[in-house]
Amino acid sequence: LYWTQLTGVIPDDFTRPGKVLLAIKALATGQLSGGIPTISCIVERNIIWAWNPNTVAYEQKPANNPAWVAYDLIHRCKYLKDIRDGLYKYTVFGAPADRIIYQDFEDWATFCEEYDLQFDGIFDKTVELRTALKDPENCGRGKVLTFGTKFGAICDKPVDYVRSVYNMGNIKKGSFRLDYLDITERANAINVSYNDINLNYGQN
């Protein structure tokens, strides 16, 4: 007697914590022709989890703030149910919280709120962290920097200068030079293309 195959069926409802699933029900007609149809959908996420060392606890932060988007890309914390004991726990898939300078991201987030800078995007493919950070950095007029083994951030907010002002009175004589851009090369208009919510996210 030879046992050559065993097939099993598990009737449980499977869950994929922290994953976005999109199901499609369609007839297998000739129109598919073995290809993959073009699909559009609206994806929403309201909060991310950020570790606040001042309160020594995880806090919910808005997921449309570019600073907190960048923080989440680095830290990637999920609040998941542990099936072993039935308790919800914080699970970190990225860099530990102690390697992130929280105050830098807090200051950047405050700057984004003050100037109403928001990020409405989606990451639907695997890329390097530095590449993924470019979009929220551009939206939030900021930059994620590494200080040794820690992640920090800066943003283009107005601050008091901390160095001397350089002018004609404190530079080498004859070293000053000023060039103006030719008027024909200056921009006098800008074209903007965006997905308009009032047009069912069509191009406008």
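The values are calculated or read from the model by the stated rules, or taken from the named source; none is laboratory data. Quantities reported herein were computed from a predicted structural model and do not represent experimental measurements. FYI the Cβ positions are ideal-geometry reconstructions off the backbone, even for glycines, and counts take in every protein chain you see. Calculation scope for accessible area: heavy atoms of the full protein, side chains included, ligands and nucleic acids excluded. Shrake-Rupley method; radii C 1.70, N 1.55, O 1.52, S 1.80 Å.
Count neighbours as other Cβ atoms within 10 Å of each site's Cβ, and list the chymotrypsin sites (Phe, Trp or Tyr not before Pro) in the range 100-129 that are DSSP loop with at most 13 such neighbours. Each step should come with its number before you reach the end.
Numbers: sites: Y102, F105, W108, F111, Y115, F119, F123; in loops: Y115, F119, F123.
Answer in residue order: Y115, F123.
Can you tell me the 0 to 90 degree angle between the C-alpha axis of helix 129-140 and the longest principal axis of the chain, rounded to 10?
It works out to around 60 degrees.
May I ask you to derive the FRET efficiency for A63 and Q203 from their Cβ-Cβ distance with R0 = 22 Å, giving the value to the nearest 0.05? Provide the component values of the computation, followed by the final result.
Values: r = 25 Å, r/R0 = 1.12.
The formula returns an efficiency of 0.35 here.
Of the listed values [x] 1.19; [y] 1.51; [z] 1.08, identify the label whose number matches Cα Rg over 2.2 N^0.38 Å calculated from this model.
Read-out taken from this structure: [y].
Bin by bin, in steps of 10 Å, what percent of the Cα pairs in the range 37-156 do you find, going until the bin that has the longest distance?
13, 44, 32, 10, 1
Kindly express, to the nearest 10 degrees and within the range 0 to 90, the angle between helix 66-75's C-alpha long axis and the longest C-alpha principal axis of the chain.
Result, in degrees: 50.
How do 17-26, 87-96 rank on mean C-beta neighbours within 10 Å, highest first?
Values: 17-26: 7.8, 87-96: 11.8.
Averaged packing, sorted descending, gives the order 87-96, 17-26.
Please give, to one decimal in nm, the separation of the simple spin-label points placed at L6 and L21, each 7 Å out from Cα toward the Cβ.
2.6
Convex hull over the Cα atoms of the range 11-78, averaged projected area in nm²?
On the way: hull surface 31.8 nm².
The orientation-averaged projected area of the Cα hull of the range 11-78 comes to 7.9 nm².
Hey, if we sort D13, D72, D107 by accessible area with the 1.4 Å probe, largest down, what's the order?
Working: D13 145, D72 15, D107 55 Å².
From most exposed to least exposed: D13, D107, D72.
About the Cα centre of the chain, how large is the charge dipole given +1 on each Lys and Arg Cβ and -1 on each Asp and Glu Cβ? Please answer in debye to the nearest 20. Display every interim value, and only then the final one.
Values: 23 positive and 25 negative charges, 128 e Å.
Roughly 620 debye, rounded to the nearest 20.
Place +1 on the Cβ of every Lys and Arg and -1 on the Cβ of every Asp and Glu in the range 63-145, take the dipole about the Cα centre, and give the residue among G142, N64, Y88 whose Cα lies farthest towards its positive end.
Towards the positive end, the residue furthest out is Y88.
Show the residues, 5+ positions off or on another chain, whose built amide H is closer than 5 Å to the amide H of F151.
I100, I101
Can you figure out the FRET efficiency of I47 with S193, using R₀ = 41 Å and their beta-carbon distance, to the nearest 0.05? Display every interim value, and only then the final one.
Details: r = 30 Å, r/R0 = 0.72.
For I47 and S193, the calculated efficiency is 0.85.
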